[in-house]
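The values are calculated or read from the model by the stated rules, or taken from the named source; none is laboratory data. Computed from a predicted structure; not experimentally measured. Positions of Cβ are generated from backbone atoms using ideal geometry, with glycine treated the same way; all protein chains shown enter the neighbour counts. For the accessible areas, the whole protein counts, side chains as well, though only heavy atoms, and no ligand, DNA or RNA atoms are used. Shrake-Rupley method; radii C 1.70, N 1.55, O 1.52, S 1.80 Å.
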Amino acid sequence: MIRKSFFGAAAFYFFLTGICSAQPNAPKPFGPIPTENQVRWQEMEYYAFLHFSINTFTDQEWGSGGDDAKLFNPDSLDCRQWARVCKEAGMKGIILTAKHHSGFCLWPSKYTEYSVKNAPWKNGKGDIVRELSNACKEYGLKLGIYLSPWDRNYADYGNPRYITYFRNQLRELLTQYGDIFEIWFDGANGGSGYYGGANETRTIDRTTYYDWKNTYQLIRSLQPKIVIWNDGGERGDLRWVGTEAGNVGETNWSLLNDTGDVPWNMLHYGLENGNAWVPGEVNTSIRPGWFYHQYEDTKVKTLPHLLDIYYSSFGRNGTLLLNFPIDRHGLIHANDEKAAVQLADAVKEAFAVNLAEKAKVSASNIRGKAKAFVGDRATDGKKDTYWATDDGVTAASMTLDFGKPVTFNCFMAQEYIRLGQRVRAFTVSAMVDGSWKELARATTIGYRRILRFPAVSAAQLKFTITDAKACPVIANIGVFNVPPVLTAPAIIRNKEGKITIASADSQSVVYYTLNGNVPTSQSTKYTGPVTTDGKVEVQAVAVDPSTGRSSPVSQEQFDMPHTSWKIVGTDDIKAAAVIDGDPHSAWHQPKGKNMPADLIIDMGEKVNLTGFRYLPDQGRHAGIITHYQLLVSQDGQEWKKADEGEFSNINNNPLWQVKKFPPVNARYINLRAIHNTEGNDDAGYAEIDVITAPMQ
Ligand code: FUL
């Protein structure tokens with residue numbers, strides 16, 4: 001079944017375009033306002049990212065640029081499947097990594113040999129951008145392009161010849177595949193790479209190297225309706241929100257100052273008095289990584305997690321760009337498809353009935369007392385009408401009378417952004433036992449703001465704008481009763497092998513299994529920490545006894561317990577945080593300890609090691625290791641290198657890093673930190689773990 005829009009039935013209320021300022025006495029635009037291209041983009045609301053490249057076949061997040069094009073060989077690639085899944089998920093478009101940092105091109109660019117034309121897939125005759133562009137047309141989706149400015153394959157990266165190459169590629173992509181709605185220029189720029197065989201580190205100044213001004217001019221001349229996303233260098237039409245975790249600030253202004261690089265907090269919250277309209281796009285992946293890794297098949301984000309992302313992006317004046325990693329077959333994995341469709345269904349269910357629609361509306365102030373601006377304009381389901389107050393009135397309220405008590409737990413508001421973003425703060429209250437009870441208090445609104453609060457039954461709701469930059473202009477409001485969704489329990493194992501399972505919902509009961517079976521309410525009830533030994537797979541579910549509703553199942557696989565593990569070579573007892581199984585505790589090497597910095601663990605017994613895992617400090621954005629060596633030893637005296645490399649993209653996505661290598665017997669491991677994200681000597685660790693196989 002094709003879902004017509006992300007919101008299904010609620011879509012009717014949620015779109016806004018058109019020109020209302022044609023009304024006599026309409027408010028004048030205030031401050032920066034969006035361009036037509038930005039409004040068109042904002043109304044897309046929800047669209048897909050697809051990450052696919054040569055490194056899909058080497059199990060890496062970033063390709064080095066030196067991997068053989070022959071590795072690129074999906075056996076069942078089907079762009080129509082990608083488009084179908086995105087359509088069913090309620091998305092309006094797809095942005096494809098036509099070229100990621102590896103430099104490998106998914107289209108047969110005539111300017112490089114490093115592309116599908118030298119891959120076994122379709123005997124070198126394939127063109128994924130073409131196939132996707134056709135599939136998008138068939139499914140009524142828009143197409144966007146990710147073209148990495150950083151190219152780890154190209155010999156001339158770092159000198160001006162690369163800019164000509166980059167623009168030639170842009171010309172190909174922006175002229176041969178129809179309309180492109182968005183172009184994406186990632187902020188990772190320069191570093192180590194293959195670079196035509198030079199295998200070296202190259203740094204560039206991303207604010208000047210790409211001559212963005214002229215590059216933008218070229219883009220806009222080829223695709224006048226495009227929006228440009230650029231993280232760093234030169235501000236584009238859209239901004240990154242400073243995290244890949246799937247949220248933007250609760251305060252979120254669609255404004256920035258007209259400068260290039262901006263500090264993190266500005267990206268996350270926008271700038272109240274910024275002089276340019278630069279709205280935020282929230283990008284995140286449906287799995288921990290951007291690229292496909294089989295070991296993440298059980299780590300696809302659960303419905304409650306995806307709903308949180310949805311409310312923290314789309315519900316906070318952002319658009320949501322959700323990534324599907326394309327797998328080695330060339331398909332969106334079934335688990336990812338299932339999760340995305342569940343999200344679409346849950347959203348459709350949540351917003352099916354807008355209680356505001358039938359309410360009697362009154363407003364404390366109506367612009368010129370004119371019918372054109374009464375409160376009902378915000379509940380008439382029309383996108384081009386609005387409630388507005390007189391100029392100079394920057395605090396006002398609107399009351400909804402439902403006629404009888406109704407139950408609700410969610411409020412939605414939209415500003416008419418064509419006239420600028422105005423509201424600074426607002427509250428939502430309900431008439432309970434004869435007086436107004438505040439349910440929620442929030443800051444900015446923008447294109448759309450959604451607030452959730454504990455369910456209340458009331459016959460009246462009051463929406464109060466407490467502060468605005470200029471007279472408020474409210475296009476839509478909605479009131480909903482959203483079905484509760486239980487969060488999957490969190491599972492951790494401590495150093496002693498004790499498993500703790502925690503549910504975020506206090507009234508729910510947790511059931512678990514230790515044998516790989518899916519838990520149900522017939523499984524063992526969790527009553528307190530469970531002692532385990534050896535490798536174990538834990539699955540857990542939370543069930544609400546009053547409704548019978550259950551959470552998604554969470555699943556963790558633990559390797560050897562850390563019971564006999566010791567950190568060697570430091571007296572600092574706090575170093576134990578690295579092996580305590582708690583992702584929230586961390587340890588950093590003492591100040592003054594230079595890179596390379598060694599962290600040696602004695603595992604207490606000889607094991608057959610096939611890999612390791614590293615989780616950076618989750619609390620501080622510091623001491624995140626990017627380049628490492630993993631040394632192993634049987635006796636703590638003689639060491640050999642089992643692995644070395646980079647933790648790609650760990651700065652933006654500081655999650656578990658999994659590294660595998662050929663089996664080796666060892667009792668000691670040394671994770672040697674070579675570099676970190678800051679280029680200083682801070683080496684930090686939340687957790688280190690190993691991957692073992694039975695002894696040979
Ligand atoms: C990051 C890149 O480095 C990742 O690989 C990914 O493409 C993500 C969307 O942006 O910064």
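Results for (1) touching a strand residue (DSSP E or B) at 6+ places or on another chain (Cβ under 7 Å); (2) farther than 24 Å from Glu646 by Cα; (3) at pLDDT 95 or above, shown as yes or no for each residue.
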{"position": "Asp544", "(1), (2), (3)": "no, yes, no"}
{"position": "Ile573", "(1), (2), (3)": "no, yes, no"}
{"position": "Lys593", "(1), (2), (3)": "no, no, no"}
{"position": "Pro596", "(1), (2), (3)": "yes, no, yes"}
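Of the residues that sit in segment 221-241 and are assigned to a loop (DSSP other than H, G, I, E, B) and small (Gly, Ala, Ser), which one is farthest from Ile204 (Cα to Cα)? Per the stated criteria, the residue is Gly236. Would segment 159-176 turn up any residue that is within 16 Å of the ligand (Cβ to nearest atom) and touching a strand residue (DSSP E or B) at 6+ places or on another chain (Cβ under 8 Å)? No: zero hits.
Residues in segment 350-379 that are surrounded by 16 or more Cβ atoms within 10 Å (Cβ to Cβ) and out of contact with any strand residue (DSSP E or B) (no Cβ under 9 Å at 6 or more places or on another chain): there are none.
Take the conditions (1) over 22 Å from the mean Cα position of the chain (by Cα); (2) part of a loop (DSSP other than H, G, I, E, B); (3) of a type outside the set (Phe, Trp, Tyr); (4) modelled with pLDDT of 95 or more; Asn252 misses just one of them, which is (1).
If you go through segment 472-493 and keep only what is of a type in the set (S, T, N, Q) and open to solvent by 60 Å² or more (accessible area, probe 1.4 Å), you end up with just Asn481. If the condition is being open to solvent by less than 50 Å² (accessible area, probe 1.4 Å), away from the ligand (no atom under 16 Å from the Cβ) and among the acidic types (Asp, Glu), then segment 23-76 contributes Glu43, Glu45.
Inspect segment 622-630 for any residue being more than 20 Å from Phe558 (Cα to Cα), away from the ligand (no atom under 16 Å from the Cβ) and surrounded by fewer than 21 Cβ atoms within 10 Å (Cβ to Cβ) and give the result as yes or no. Yes, some residue in segment 622-630 is more than 20 Å from Phe558 (Cα to Cα), away from the ligand (no atom under 16 Å from the Cβ) and surrounded by fewer than 21 Cβ atoms within 10 Å (Cβ to Cβ).
From the list Gly140, Gly103, the lone residue that is surrounded by 20 or more Cβ atoms within 10 Å (Cβ to Cβ), in the same structural domain as Glu200 (by TED's automatic domain parsing) and at positive phi is Gly103.
When Ile600 is tested against (1) on the phi > 0 side of the Ramachandran plot; (2) at pLDDT 95 or above; (3) not hydroxyl-bearing (Ser, Thr, Tyr), only condition (1) is not met. Would you confirm whether or not segment 83-98 contains a residue that is assigned by TED's automatic domain parsing to the domain that holds Arg235, more than 21 Å from the chain's Cα centre (by Cα), crowded, with 22+ Cβ neighbours inside 10 Å and touching a residue at least 12 places away in the same chain (Cβ under 8 Å)? Scanning segment 83-98, I find no residue that is assigned by TED's automatic domain parsing to the domain that holds Arg235, more than 21 Å from the chain's Cα centre (by Cα), crowded, with 22+ Cβ neighbours inside 10 Å and touching a residue at least 12 places away in the same chain (Cβ under 8 Å), so the answer is no.
For every residue, the table says whether it meets (1) closer than 23 Å to Trp240 by Cα; (2) crowded, with 18+ Cβ neighbours inside 10 Å; (3) of a type outside the set (Phe, Trp, Tyr).
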| residue | (1), (2), (3) |
| --- | --- |
| Asn153 | no, yes, yes |
| Gln169 | no, yes, yes |
| Gly190 | yes, no, yes |
| Ala198 | no, no, yes |
| Thr215 | yes, yes, yes |
| Leu218 | yes, no, yes |
| Lys225 | yes, no, yes |
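Considering only residues that are assigned to a loop (DSSP other than H, G, I, E, B) and open to solvent by 50 Å² or more (accessible area, probe 1.4 Å), look in segment 565-581 and name the one that is nearest to Arg620 (Cα to Cα). Give the derivation first.
So the first thing to find is which residues in segment 565-581 are assigned to a loop (DSSP other than H, G, I, E, B), and the list is 565, 569-572, 580-581.
When the remaining residues are screened for being open to solvent by 50 Å² or more (accessible area, probe 1.4 Å), the result is 569, 571-572.
Values: Gly569: 24, Asp571: 23, Asp572: 19 Å.
Across segment 565-581, the extreme among qualifying residues is Asp572.
Being under 23 Å from Asn680 (Cα atoms) and not aromatic (Phe, Trp, Tyr) narrows it down to one of Pro545, Pro596, Pro552, Pro561, so name that one. Full working, then the answer.
Numbers: Pro545 fails: under 23 Å from Asn680 (Cα atoms); Pro552 fails: under 23 Å from Asn680 (Cα atoms); Pro561 fails: under 23 Å from Asn680 (Cα atoms).
Selected residue: Pro596, the only one of Pro545, Pro596, Pro552, Pro561 that is under 23 Å from Asn680 (Cα atoms) and not aromatic (Phe, Trp, Tyr).
Among residues of segment 128-152 that are without any contact (Cβ under 8 Å) to a residue 60 or more places away in the chain and away from the ligand (no atom under 16 Å from the Cβ), those with a Cβ under 9 angstrom from a residue that is small (Gly, Ala, Ser) and in a loop (DSSP other than H, G, I, E, B), sequence gap 6+ or separate chain, pair up as Ser133/Gly178; Cys136/Gly178; Lys137/Gly178; Leu143/Gly178. Number of residues in segment 666-678 that are open to solvent by 60 Å² or more (accessible area, probe 1.4 Å) and in contact with a strand residue (DSSP E or B) (Cβ under 9 Å, 6 or more places away or on another chain) equals 3. Restricting the first member to segment 206-225 and to residues that are assigned by TED's automatic domain parsing to the domain that holds Leu173 and under 15 Å from Ile180 (Cα atoms), and the second to residues that are assigned to a loop (DSSP other than H, G, I, E, B) and not basic (Lys, Arg), the beta-carbon pairs closer than 9 Å and six or more apart or on different chains are Tyr216/Glu234; Tyr216/Gly236; Ile219/Ile226; Arg220/Ile226; Gln223/Asp179; Lys225/Asp179.
Can we say Asp75 is assigned by TED's automatic domain parsing to the domain that holds Arg220 and on the phi > 0 side of the Ramachandran plot? Considered against the rule, which asks whether it is assigned by TED's automatic domain parsing to the domain that holds Arg220 and on the phi > 0 side of the Ramachandran plot, Asp75 comes out as no.
To keep it simple, each residue is scored yes or no on (1) modelled with pLDDT of 95 or more; (2) in contact with a Lys or Arg (Cβ under 8 Å, 6 or more places away or on another chain).
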position: Lys4; (1), (2): no, no
position: Lys28; (1), (2): yes, no
position: Ile33; (1), (2): yes, yes
position: Val39; (1), (2): yes, yes
position: Ala48; (1), (2): yes, no
position: Asp68; (1), (2): yes, no
position: Leu77; (1), (2): yes, no
position: Arg84; (1), (2): yes, no
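Confirm whether Thr259 is assigned to a loop (DSSP other than H, G, I, E, B) and modelled with pLDDT under 95. Write out each step before concluding.
Values: assigned to a loop (DSSP other than H, G, I, E, B): yes; modelled with pLDDT under 95: yes.
Taking the combined requirement at face value, the residue satisfies it.
Identification of strands (runs of 3 or more DSSP E) wholly contained in segment 266-376 with 3 or more residues that are within 16 Å of the ligand (Cβ to nearest atom) and not hydrophobic (A, V, I, L, M, F, W, C) yields 280-285, 319-325. Restricting attention to segment 635-655, the residues that are away from the ligand (no atom under 16 Å from the Cβ) and not basic (Lys, Arg) total 8.
With respect to Val393, determine if the residue is touching a Ser or Thr at 6+ places or on another chain (Cβ under 9 Å) and assigned to a loop (DSSP other than H, G, I, E, B).
Working: touching a Ser or Thr at 6+ places or on another chain (Cβ under 9 Å): yes; assigned to a loop (DSSP other than H, G, I, E, B): yes.
It is true that Val393 is touching a Ser or Thr at 6+ places or on another chain (Cβ under 9 Å) and assigned to a loop (DSSP other than H, G, I, E, B).
Of the residues making up segment 82-113, those that are away from the ligand (no atom under 16 Å from the Cβ), of a type outside the set (Phe, Trp, Tyr) and touching a helix residue (DSSP H, G or I) at 6+ places or on another chain (Cβ under 6 Å) number 8. Residues in segment 283-298 that are open to solvent by less than 10 Å² (accessible area, probe 1.4 Å) and not β-branched (Val, Ile, Thr): Asn283, Ser285, Arg287, Gly289, Phe291, His293. Within segment 657-678, identify whether any single residue is of a type outside the set (D, E, K, R), within 16 Å of the ligand (Cβ to nearest atom) and within 17 Å of Asp59 (Cβ to Cβ), and answer yes or no. The answer is yes; a qualifying residue exists.
Scanning segment 227-243 for residues that are among the aromatic types (Phe, Trp, Tyr) and open to solvent by 10 Å² or more (accessible area, probe 1.4 Å) returns a single hit, Trp240.
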